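Where a number appears in this text, it was derived from the coordinates with a stated rule and is not lab data. Being a predicted model, the structure only gives us computed values, none of them experimental. Every residue, glycine as well, gets a Cβ built from its backbone with ideal geometry; the counts of neighbours run over all protein chains shown.
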Amino acid sequence: MAAERDDRMSTPVLLYHYPLSPCCDKVRLALAEKGIAWQETMVDLASKANLAPDYLALNPKGYVPTLRWGEELLVESTAILDYIQAACPLPSLVPEAPREVAAMRLWLKHVDEVLHPAWPGLAWPIAVRPRWLDRSPDEIEAMLAALLDPARRDRQRRLLKEGFGSPDTQTSFRVLAATLDQLEKALERRAWLAGDSFSLADIALLPYVQIASFYGIEAWMLEGRPRVGDWFARCRARPSWQKGTEIHLPPERLEGIHRASAELQQFLAASAT
């Protein structure tokens, strides 16, 4: 088994990712949990590098992450998680009990269909908007025109104009709060989200909590949710945490994100009064 594991780990793995993308964090956490080494290429979403022709040749939808595993080219984060588990079964990130597998799948479905579609209303004004505010109207229109999805184009135009006052941000907070309440309820019955072992369910949800914490709203998230707080602390204690969630961005980028995060905290405080 050790020799088989070493053979798998010797397969060249290249991850195209962005440090503040929860979909990318999911994949990085899974690789770290498996002890799989990977090389990385950062795809800067704020400058629309994901829509450059060379990246679209890899991922026609222009999404991140994309994973090159040897000769295989993989897209869509949940499908990539399944591939990693199948290609490297140990240590397993899938529960043994059928009921727990079903619970894990429901969490993955929730992330893909509910939580992630609402995420841009929170993340975009922090990670992207500050950089766009420094660009000329012509540059902004060119980047918006490059978007493949008209709905995304309209949303980004709205978020650029309205910032945290956008209805998209309100939706993000409503969905995130409801998700956290579901986590709190699930953790009443089990140690991890799908059962007694850390699984792909935890990996799928963790990046959203981690990145929101990085944006300075951990206190808001964990207020009245002690089980989520305990779960988050146990996740952060895992050896995979640092490798899977570390954020490498230039200092000037981080400064802009921190300023926007401070504005978000002020917005939340004003909304609470």
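Numbers below:
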{"read-out": "³J(HN,Hα) computed for each position of segment 114-129 - Karplus, 6.51 cos²θ - 1.76 cosθ + 1.60, integer Hz, glycine/proline x", "value": "10, 5, 5, x, 8, 4, x, x, 8, 7, 4, x, 8, 7, 10, 3"}
{"read-out": "Length-normalised contact order for segment 2-87 - Cα pairs under 8 Å, 6+ apart - percent", "value": "35"}
{"read-out": "Rounded to the nearest 20 debye, dipole of the chain from Cβ charges on Lys, Arg, Asp, Glu", "value": "440"}
{"read-out": "Values of log10 I(q)/I(0), in the order q = 0.10, 0.15, 0.17 Å⁻¹, for the chain under a Debye, Cα-only, solvent-free model", "value": "-0.53, -1.19, -1.49"}
{"read-out": "Set Lys34/Lys243; Lys185/Lys243; Lys26/Lys109; Lys61/Lys161 screened for pairs whose C-alpha atoms are more than 19 Å apart", "value": "Lys185/Lys243; Lys61/Lys161"}
{"read-out": "Loop sites in segment 213-273: GluC sites (Glu not before Pro), DSSP, at most 12 other Cβ within 10 Å", "value": "Glu223, Glu246"}
{"read-out": "Calculated on alpha-carbon atoms, Rg and Dmax of segment 2-87 in Å", "value": "12.8, 43"}
{"read-out": "As computed over segment 112-245, the Cα convex hull volume per residue (Å³)", "value": "124"}
{"read-out": "Karplus (6.51, -1.76, 1.60) ³J(HN,Hα), θ = phi - 60°, over segment 207-212, in Hz, Gly and Pro reported as x", "value": "x, 5, 5, 5, 5, 4"}
{"read-out": "Loop-located trypsin sites (Lys or Arg not before Pro) in segment 1-108 whose Cβ has at most 13 other Cβ within 10 Å (DSSP)", "value": "Lys61"}
{"read-out": "Least to most buried among Ser271, Ser172 (fewest other Cβ within 10 Å first)", "value": "Ser271, Ser172"}
